[in-house]
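Everything below concerns the one structure shown next.
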Amino acid sequence: MKSWRSKKVDEYGIHFSENLSGDTSNGAPFGNRKSGKSPSVFSLFNLKEKSRFWSESVIRSGYDDLESSNAGKFDVINYTKAGNIANHLKLLEVDSLYLPVPVNFIFIGFEGSGNKEFKLNAEELERWFTKIDHIFEHTRIPKIGEILTPFYKISIDQERRHHLPMISHINYNFSVHAIQMSEKVTSIFERAINVLGRKDDVSSTSDDEIGLWQVDVDMMDVVVTSLVEYLQLEDAYNIFILNPKRDAKRSKYGYRRGLSKTEMDFLKENKSLQDRILQSGNIPDSVLALEKIKRPLYEKHPMAKFSWTLTEETDTIEWHNRCQDALNNVEKLYQGKDTADIIQSKVLQFLKGKNDDLKHFSEKDLKSGDFSGFQAECLTDTWIGNHRWAFVDLSAGPFSWGPSVGGEGVRTEQSLPNVEKTIGAVAEISEDEAEDRLQEAIQEKFAVLGDNDNHAVDILLAEIDIYELFAFKHCKGRKVKLALCEELDERMQDLKNELQSYESEEHEESHKKKAIDALKRMENWNLFSDANEEFQNYTVARDTFLSQMGATLWGSLRHIISPSLADGAFHYYDKISFQLFFITQEKTRSIKQLPLDLKSIMDGLSSLVLPSQKVQFSPHMLPLSEDPALAMAFSVARRAAAVPLLLVNGTYRKTVRSYLDSSILQHQLQRLTDHVSLKGSHANSRSTLEIPIFWFIHGDALLVDKHYQAKALSDMVIVVQSEPSSWESHLQCNGQPLLWDLRRPTKAALAAVSEHLAGLLPLHLVYSQAHNTAIEDWIWSVGCNPLSVTSPGWHVSQFQSDTIARSYILTTLEESIQLVNSAIHLLVMERTSGTDFQALSVT
C-alpha cells in the first residue's frame, strides 16, 4: 500500500530534488553535474525521510499501522486510559517543520594580502561565521499602510484577520559554511577593480587618479559568476565579503551599471558620438572577453563533498590564469582610449548585451536624442547578482541611501563594518600614541580613586586593571610589538611579586582575598608574550569588527535569502494568464502606437513565472472616451492631496499630488466584473491564475495612493504611467534625490505583480517578532532587480525566483499543517471509553 506521505506529495505535485540533502555538500552534489540545465529551486528544500520533520516518528508509513491485530482486554484498558483518540493513536499537533538552506560566506582578501593586511584564521571563521547557523521562522508582513508617515515608520494593519499565521510553522534551518579564498583569488578581484574601474567625473581635465571612481558591475558579475561555477557552488546561496587592498591613488570607488551623470552629459552633448554608436555593428569580442571564462574546465573537483575552509592556491590556479588573461585583454582594449571611445564601448556593451532593461532605455534614447529619462544609477558597495550570489565590498565607499529625511534602517556611511577604523586603527598606533593613551588611562583611573584613603593593595589592583585593558587593546595581535608592551610585561611581573607578598598571615583577610583573586586572574594571562600561537590573539577591535560583520551577514539571510512575504496564501498554478488592460484617455489605433514597449513588459512578466509554468498574455486597449463606466470609475478614484516633503538639502516643500485611490478604484472595477472586456477566458479556472493588470496611461503626473507607480491589490494590479521623466522621489542616494521616470513604470509594475503573484516585498522590509511589526534595513536594497531602489533595472534575480517558488511551497505546507492539526484537534476532543472501542473495533 502506498504510504500516506507519498500520497500527499504526489497530490500536491511537488518534486523535491535531493541535490542538497543533509549528507551532501553545501554546493556540489554527488555524481556528474548536468550541464546546460539550471538547478531546480526545489533542490534547496530537502523533505526526504531522513529530514527533521518527515520521519517515521511523526508521519506513519501506512494506514496499516493504525490497525490493531488483537483487541484483547489490555487493549481496551489502554484505549480507555489514553483519555482521547489522539493520545491513543500517539498523534501530536505539528509544531514546526524545518527547511534546510545551504549558505556559503566566501571571504576574499582576508588571508593577509588585502586591506590593512587583515588575516582571518580558521578558528575565527568557525567562531564567528560557521556557528552563525540559525533557525528562525518564516514570517509574513500584514498589509502595509501609507509608506510615508510623519516619522517615516512603516505602519501595518494589526487588526486584520490572517489566513495564514504571521509567524509560520515553517522554520529555515541555515547551514552556513565559511570559506576563505587564497591570495590568488584576492589578486584577481583587485586587478578586476583596477581594470574595470574608471573616473566618475569625466568633466575633470586633471590627469591624476584622485577622486571618485566607478567599477563596471556588469563585468564584475562575470568574474564572480565564473568563480561560483568554478567552485561548483551554484546550488547554494553565496555571500562574498571582499576586502581588497585599497589603491592609494583612488580615494573612493563604488559599483554601478551604465554611465555616470557626467558621462551621460558628455553623451547628450556629443551628437557625433551618438551617431557613431548607432552606426556601429556588433560589439567587439574583446569588450566581452570575460564571457570566455564563464564556464572554465574543471573536471577534477577536489572532493565530492565541498568542505573547504581555507583554500590553497593550487585549488584556484586555473581560474586565476584564465581571469588574468581576460583582464589583460580588457586592459589592452582601453589603453590609449579617450573619454568618447570609452563611453562608446560602455554603451555598446549594454546596448548589444543581454540586459534587456538597459537595452530598452539606450536604443530609444539614442534614436530620439531624448535622454531626459536616462538617470545615472547609484554608486553602491553592496550588490545582488542575477544568480545565487551577492557581495559586500568593505574597501569600497562608504555610501548612503534610503528615505531623504532619514528614518529607521537607512543605509548610512557607518552601516557596514570598517576595516580602516577598527583593524587599521589598532595596527597603526605608534609608540608615542601608545604612551599618550596609557597616560590618559592612568589619569582617568586614579581620578576615580581620588584622594580617598585607599589601601596599597587597591592601588595595585587599579594599576593591574589599567595594564590589562591597555594590553588587550594595543599589545595583543600586533605584528610589530610595541616597546611599551615589553616594559609593561616587566612591570606586571613586579606587581605579581608584590601581590604574592600579601598571602602571608600578617595582612588582613580582606586584603589577602583581593590579592589572591588578582593572582588567579593573572595565572592564564599571555598579554605580552612573544610565544607563537596557533591562532592570532584576539583584540577588542577584531571582535568588534567581526561582530559587526556577523550582524551584516545575518541581515543578508533575512533580507535576500529568506525574506518575509506579504500576508496571504499564494498557490501554484499550471498557467499564469496576464490580462493587460491599457487604459488611455483617447482611442489609439493599435497597441503598437502606445508610448510603451509591450515586448519589454511581457519579457519582464515572463521572468516572474517558474520554468514549469506556462504563461499567457492577453493585451487589451480600453479608451476612456468610449467606455463611460470605466471613465466614471477612473474619475471617482482620482484624488488630490497636499503632501509635505523635506528634501535632501533640508528644504521644506508642500506639493499637491494627483493620485488614484486604489481602494476606491478597486471597488469601482469590481462592480464592472460583468463587463465583457474586463473578464478573461480563465477567470474561473482551477489550473490557471488570471492576473488583471490595469495600466493607466495619463498625461499629467499621476501616482497610486500618493507615492507609488504601481500597487498590488487582492484581485488585481494597478499601474500608472504619466509624462514626467524626472520625478523627484522621497528617496535619496549619496546626498542626491532619486529620480523616477514616470514614463516607464516597468520596474514598479513587476514589483507589484510579484507581490500579487507570490507575496514578494521590497528588499528593505522584514517582519520583526521583537517589534511585532515590519522594520526596515536598506543595506541590501541593491542590484538591478524589481525590489531594489538604487537601480532602475528590473532583471529578476535567482534569489527572487527561488523566493517565488518557495512561496508556493510554504503556502501548501502551511495549509497542510493547519488541516492536520485541525484533524488532530478533533481527535483530542473525542474522549475514549470501552463502548467507543467496541464500536471502532467493529468498523
Q. Within region 710-723, is even one residue closer than 23 Å to residue 565 by Cα and over 27 Å from the mean Cα position of the chain (by Cα)?
A. yes
Q) Which residues, counting only those in region 340-380, are modelled with pLDDT of 75 or more and among the aromatic types (Phe, Trp, Tyr)? A) 374
Q. What's the number of the condition residue 654 fails, among (1) among the basic types (Lys, Arg); (2) modelled with pLDDT of 90 or more; (3) surrounded by fewer than 18 Cβ atoms within 10 Å (Cβ to Cβ)?
A. (2)
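Yes or no, residue by residue, for (1) surrounded by 20 or more Cβ atoms within 10 Å (Cβ to Cβ); (2) over 27 Å from residue 381 (Cα atoms); (3) not acidic (Asp, Glu):
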| site | (1), (2), (3) |
| --- | --- |
| 727 | no, no, yes |
| 745 | yes, no, yes |
| 749 | yes, no, yes |
| 768 | no, no, yes |
| 781 | yes, no, yes |
| 794 | yes, no, yes |
| 809 | yes, yes, yes |
| 829 | no, yes, yes |
Q: Report, ordered by the first and then the second residue, all pairs with beta carbons closer than 9 Å, sequence separation of six or more or different chains, a first member in region 731-751 that is under 28 Å from residue 578 (Cβ atoms) and in the same structural domain as residue 719 (by TED's automatic domain parsing), and a second member that is in a helix (DSSP H, G or I) and aromatic (Phe, Trp, Tyr).
A: 741/361; 744/361
**Q.** Test for residue 622: is it farther than 30 Å from residue 736 by Cβ, part of a strand (DSSP E or B) and touching a strand residue (DSSP E or B) at 6+ places or on another chain (Cβ under 7 Å)
**A.** yes
Q) Within region 597-610, is there a residue that is assigned to a strand (DSSP E or B), in the same structural domain as residue 722 (by TED's automatic domain parsing) and touching a strand residue (DSSP E or B) at 6+ places or on another chain (Cβ under 6 Å)? A) no
(Q) Quick test of your reading of the structure: residue 772 fulfils all but one of (1) outside the structural domain of residue 664 (by TED's automatic domain parsing); (2) at negative phi; (3) polar (S, T, N, Q). Name the failing condition by number. (A) (2)
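The values are calculated or read from the model by the stated rules, or taken from the named source; none is laboratory data. Values in this document were obtained by computation on a predicted structure and should not be read as measured data. For neighbour counting, all protein chains shown are included, and Cβ atoms are generated from backbone atoms with ideal geometry for every residue, glycine included.
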